[in-house]
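Laboratory data are not the source of any read-out in this text; all were calculated from the coordinates shown. Quick caveat: nothing in here was measured; it's all calculated off a predicted structure. Note that each Cβ is placed from the backbone with ideal geometry, even for glycine, and that neighbours are counted across all protein chains shown.
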Amino acid sequence: MNSTRQQKIASLLQRELATLFQQDGINVYGCMITVTKATITPDLSIARAYLSIYMAPDKDAIIAAVRANTKDIRYRLGQRVKDQLRIVPQLEFFIDDTLDYIENIDRLLKQ
């Protein structure tokens, strides 16, 4: 069960990460990246962000590049939320494949 504080921090992190990826998604990663969901552990130490990747031939390579830049992303996130959070949580990134799953179901239903 998520507390209200967890939900507020997760929402803040989702919004700020989305802004970061919007600013440098095309320039750095060569594709469009959106943050579909963010969750945070009860002790507020680890944040998990689920990314939806568009216009990329190899999504695994993009998520590997994002994970390689986690330190830089966390630093930039800390600069943006320094007034709201005392400690910026560790970041973990995962591919959100729900849209691919929905498209696959639609394709199967049309056949």
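What's the longest uninterrupted piece of the chain once you rule out the trypsin sites (Lys or Arg not before Pro) that are loop residues per DSSP with at most 10 other Cβ within 10 Å?
Between the exposed loop sites, the longest stretch runs 1-81.
What is the Cα coordinate range of the chain on the first, second and third principal axes, sorted by size from largest, in whole angstrom?
That works out to 52, 35, 18 Å along the principal axes.
Restricting to the range 1-104, compute how many DSSP beta bridges are antiparallel as a %, nearest 5.
Within the range 1-104, antiparallel bridges account for around 55 percent of the total.
Please list, ordered by chain and number, the residues whose modelled amide H lies under 5 Å from the amide H of C31; skip anything fewer than 5 residues away on the same chain.
Amide H neighbours of C31, under 5 Å, 5+ apart: I26.
For the pair M32 and T98, what calculated FRET efficiency results from E = 1/(1 + (r/R0)^6), where r is the Cβ-Cβ distance and R0 = 22 Å, to the nearest 0.05?
It comes out at approximately 0.85.
How large is ³J(HN,Hα) for each residue in the range 99-110, as worked out from phi by the Karplus curve 6.51 cos²θ - 1.76 cosθ + 1.60 (θ = phi - 60°), to whole Hz, x for Gly and Pro?
Computed from phi, the couplings for the range 99-110 are 5, 5, 5, 5, 5, 5, 5, 4, 5, 5, 5, 6 Hz.
Pop out the Kirkwood hydrodynamic radius of the range 25-80 from its pairwise C-alpha distances, inverse of mean 1/r, in Å to one decimal.
12.3 Å is the Kirkwood radius here.
Using the Cβ atoms and a cut-off under 12 Å, what net charge is assigned to the surroundings of S11, where Lys and Arg are +1 and Asp and Glu are -1?
Within the 12 Å Cβ shell, the charges total +3.
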